[in-house]
Amino acid sequence: MGAKATDMGRADKALKAALERTKCAAVEKVLAQSNGNVAEAAAMLGILRTSLYRIMKRYGITSPTRTQTRN
């Protein structure tokens, strides 16, 4: 039973790592789509802005520079 438990532990760690990479990539993609607007990105992801900031901090994600539009 020990070998199976070890295999399950490895599979669990691999799944968690894959989910973390996916979450990080999704946040980066949505931030780019929103031109760095964190409030807009959070709305697109269906989460609170404060939650998005927490995720960004955890994964070291910085918001892309928002382009300045002036007339």
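What tally of residues in the stretch 34-69 results from selecting those that are touching a Leu at 6+ places or on another chain (Cβ under 7 Å) and either hydroxyl-bearing (S, T, Y) or part of a helix (DSSP H, G or I) (or both)?
Within the stretch 34-69, residues that are touching a Leu at 6+ places or on another chain (Cβ under 7 Å) and either hydroxyl-bearing (S, T, Y) or part of a helix (DSSP H, G or I) (or both) number 6.
Condition check ((1) without any contact (Cβ under 8 Å) to a residue 60 or more places away in the chain; (2) farther than 12 Å from I55 by Cα; (3) surrounded by 15 or more Cβ atoms within 10 Å (Cβ to Cβ)) across all residues:
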site: K4; (1), (2), (3): yes, yes, no
site: G9; (1), (2), (3): yes, yes, no
site: K13; (1), (2), (3): yes, yes, no
site: K16; (1), (2), (3): yes, yes, no
site: E20; (1), (2), (3): yes, no, no
site: A25; (1), (2), (3): yes, no, no
site: V30; (1), (2), (3): yes, yes, yes
site: S34; (1), (2), (3): yes, yes, yes
site: V38; (1), (2), (3): yes, no, yes
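Give the residue, chosen from L19, L15, L31, that is within 11 Å of P64 (Cβ to Cβ) and assigned to a helix (DSSP H, G or I). Walk me through how you get there before you give the answer.
Details: L19 fails: within 11 Å of P64 (Cβ to Cβ); L15 fails: within 11 Å of P64 (Cβ to Cβ).
The unique qualifying residue is L31.
For the structure I just gave you, tell me whether A42 is surrounded by 14 or more Cβ atoms within 10 Å (Cβ to Cβ), modelled with pLDDT of 95 or more and under 16 Å from the mean Cα position of the chain (by Cα). Break it down into steps so the answer makes sense when it comes.
Details: surrounded by 14 or more Cβ atoms within 10 Å (Cβ to Cβ): yes; modelled with pLDDT of 95 or more: yes; under 16 Å from the mean Cα position of the chain (by Cα): yes.
Taking the combined requirement at face value, the residue satisfies it.
The values are calculated or read from the model by the stated rules, or taken from the named source; none is laboratory data. From a predicted model like this one, the values you see are computed outputs, not experimental measurements. With ideal geometry, Cβ positions are generated from the backbone for all residues, glycine too; neighbour counts draw on all protein chains shown.
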